[in-house]
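Report on the structure given below.
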Amino acid sequence: MSVTADSLPGAGASAGPCVVQYDVTNPESDPFTYTITFSLMDEQGRAMSNVEERVASVGAGKTVRRTLEPGTYAGGGAVDAGRVRILDVERVPSDEAPVPAGTCPASGLRLTADQGDAAMGLRVVGLHLENCGSRTYSLKGYPVLQLLDAEHQAVDGVEILRGTEGIPMAGGDGGAPRPVTLRPGEAAVSGLAWRNTTEFGEAVTVPYVRVRAEAGSDPVMVAPHLDLGTTGELGVRAWRKDESGTGAGRPGS
């Protein structure tokens, strides 16, 4: 995979701001979806803001060109490729990519991960399951996880704990799993919890996690970048009904 950027003069009478064009090349044998994080710098080399771009379903062996235009970042001033830095590139198979807001997969269930939270070495990432379809869906238990490295190969040597009681400072997750019934427009939440403690041994980082809502469900690959240190443990919380009111909203949303 490669991502390259160059700049073109802006259009219009003023011809002031430039637009940045970038290419994404997929060398894989299947379509992949890419998420690129750009950092936009000012003339003094200071970061103005970060921009995240999603390039969906780049075909096998294909290159696509996209444009990063003025106004997509705070300030919206002139920018050229010399002042654009690529901070991160995530890539997942397109048939396992999280579905963007406003769309609903054929399964009727939209599974996503949030940006997470960190405090004093504790890391927590939320998993969200929205029923965006037209029928009621029921489940009980824990998401099914597979930990993957940067090349999407399985990561061994990490124990996945059911519940988060064994993760220091993470607290419990409300006891044993309970049945969850999701009517259209409702959502459930789970979460991953770990500590990034590094002591003796080699620190482990897990860029990607393949998640299934339950055994047999369609897989979704998320990129939480688990910095597990040398703990060798990851806690996963049981699914619970999302009572926050921030779920799918309505069928098909």
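Just so you know, all these numbers are worked out from the coordinates, no wet-lab data involved. Since the model is a prediction, treat every value here as computed from it, not as a measurement. Note that we place each Cβ from the backbone using ideal geometry, even for glycine, and neighbour counts take in every protein chain shown.
I need the calculated FRET efficiency for the pair residue 62 and residue 149, taking r as the beta carbon distance and R₀ as 22 Å, to the nearest 0.05.
Details: r = 24 Å, r/R0 = 1.11.
Plugging the Cβ-Cβ distance into 1/(1 + (r/R0)^6) gives 0.35.
What FRET efficiency comes out for the pair residue 162/residue 44, r = Cβ-Cβ distance, R0 = 35 Å, nearest 0.05?
Numbers: r = 50 Å, r/R0 = 1.44.
Rounded to the nearest 0.05, the efficiency is 0.10.
Between residue 176 and residue 138, what is 0.36 nm times their sequence separation minus the Cα-Cα distance? Round to one decimal in nm. Walk me through the numbers on the way to the answer.
Working: separation 38, 0.36 × 38 = 13.68 nm, distance 1.65 nm.
Going from the current span to full extension adds 12.0 nm.
Taking just the alpha carbons, could you work out the radius of gyration and Dmax for the range 130-192, both in angstroms?
Looking at the range 130-192, its Cα Rg and Dmax stand at 15.0, 40 Å.
Among residues other than residue 223 whose Cβ falls under 13 Å from its Cβ, what is the net charge (Lys/Arg +1, Asp/Glu -1)? Write down the numbers at each step before the final one.
On the way: positive: 54, 91, 210; negative: 52, 88, 90, 96, 114, 149, 227.
Overall, the nearby charge balance is -4.
Quick check for you: which residues of the range 209-224 have the amide N under 14 Å from the point 7 Å beyond the Cα of residue 28 toward its beta carbon?
Inside the label zone: 209-211, 219-223.
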